[in-house]
Amino acid sequence: MTETAPSCSASAPCETTPASQVPPWRRVDRVWLVTLATLGILALLDPPQALPSVTFTLDALWGILPFLLASVLIAAYTKATGLDQQIARATAGQPVRVITLAALFGALSPFCSCGVVPIIAALLAAGVPLAPVMAFWLASPLMDPQMFLLMLGAFGWPLALAKAGAAVAIGLVGGFVTQAVARGGGLTDALRPGVGLTGCAARRSLRPEPVVWRFWTDADRRGTFAGTSRETGLFLLKWLTLAFLVESLMLAYLPADAIGAWLGGEAWWAVPLAALAGIPAYLNGYAAVPTVSGLIDLGMVPAAGLAFMLAGGVTSIPAAMAVFPLVRRPVFALYVALGLGGALTAGLLYQMAGGLA
């Protein structure tokens with residue numbers, strides 16, 4: 001890129017600052033620097049772990065690449081064609097129906113807590129309201145049909161149905177709470193500056209324009225498509241790379257089974273502590289099933305296991321790292337509160353319903 005992001009005001013046209021006038025320290029991307037520094041420190045302090053961490057990160061990026069590319073191209077296409085304005089209008093009405101469908105679809109989608117981030121970015125950039133996005137965002141990492149079948153074999157019907165119901169319920173509650181906050185005047189702009197429409201582009205989006213499906217026939221729209229693809233793709237790539245690297249270190253130095261072994265017993269604090277322990281104990285995807293099954297065999301109560309899985313799927317540190325630079329702080333805080341609160345509530349309700357048997 002040869003220019004920084006444009007800055008606009010209501011009374012002044014867009015202006016750009018040449019890259020040559022930007023101080024050198026501001027041209028260096030700090031996220032990539034942190035990633036490289038982390039690898040360098042790891043190579044010095046624990047050389048045998050360096051290669052496995054690099055391999056894990058590359059494998060995770062390769063696995064998520066189709067979703068990353070699809071989400072970036074969809075976001076760029078909707079912006080270049082003007083379709084984002086139509087999507088925003090179409091999803092603004094009938095919030096109950098849209099939020100319900102988003103939560104149900106999230107529970108059926110095969111995305112993990114990091115893998116869902118590119119999809120969330122595309123939806124928000126396309127103008128989809130935050131409430132249904134939040135419903136999908138919370139429900140998606142918690143359940144999908146394959147995971148349900150694995151849980152059914154490992155735990156039986158009660159816990160498998162409880163987690164499936166909790167995934168949908170957390171998505172629904174999250175969507176409707178977000179909708180209520182938005183109606184009260186909060187969360188008016190979910191994406192951080194520099195992600196999605198900003199500056200002049202944001203002002204242009206306020207004027208209704210017809211959708212131009214063949215955007216490539218217009219030079220300005222081609223530029224919008226290319227610029228959005230490049231900026232969104234690089235933004236997501238750098239943060240997901242760092243998140244996956246941190247995940248590899250957490251799996252190596254903070255194994256979930258070691259943390260979960262501390263949560264055995266039937267004390268009143270077992271479920272709340274399990275929900276909190278799910279944050280550093282990164283439980284994501286199908287690996288959570290055998291891990292929690294083993295923890296229950298070691299003495300963890302099923303209700304605590306449920307809270308442990310739910311919190312680890314939504315509010316884990318790597319997922320939070322990938323989400324934090326994408327959305328504004330109030331949205332991030334609401335996301336964490338809904339995920340952690342939902343995990344705790346689901347665990348306590350399961351315990352009260354006799355899930356210990």
- Note on the structure: Each label sits 7 Å from Cα toward the beta-carbon; between Asp297 and Leu65 the label points are separated, in nm, by 3.6 nm
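Ranking Val336, Val314, Val212, Val289 by Cβ neighbours within 10 Å, fewest first, what do you get?
Val212, Val336, Val289, Val314
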- Message: Order these by the 10 Å Cβ neighbour count, fewest first: Glu247, Glu231.
- Response: Glu231, Glu247
- Using a Förster distance of 56 Å, how high is the FRET efficiency between Leu234 and Met352, based on the Cβ-Cβ distance and rounded to 0.05? 0.75
- Extended-chain gain in nm, criterion 0.36 nm per residue less alpha-carbon gap, Ile41 and Thr217: 58.4 nm
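Multiply the residue separation of Ala154 and Leu101 by 0.36 nm, subtract the distance between their alpha-carbon atoms, and state the gained length in nm to one decimal. List each step's numbers first, then the result.
Values: separation 53, 0.36 × 53 = 19.08 nm, distance 2.86 nm.
Extra length available between Ala154 and Leu101 comes to 16.2 nm.
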- Query: Where does segment 113-159 land on Rg/Rh, using Cα atoms and the Kirkwood Rh?
  - Reply: 1.15
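Mind sorting Phe136, Phe308, Phe56 by how few other Cβ atoms lie within 10 Å of their own Cβ, fewest first? Show your work: numbers first, answer last.
Values: Phe136 26, Phe308 32, Phe56 18.
The most exposed by this proxy come first: Phe56, Phe136, Phe308.
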- Extension gain from Ala226 to Ala333, taking 0.36 nm per residue of separation minus the Cα-Cα distance: 35.3 nm
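Any read-out appearing in this document is the output of simple, stated calculations on the displayed coordinates, not a laboratory observation. Note that the structure is a prediction, hence the values are computed from the model and not measured. Heads up, the Cβs are rebuilt from the backbone with ideal geometry, glycines too, and the neighbour counts pull from every protein chain shown.
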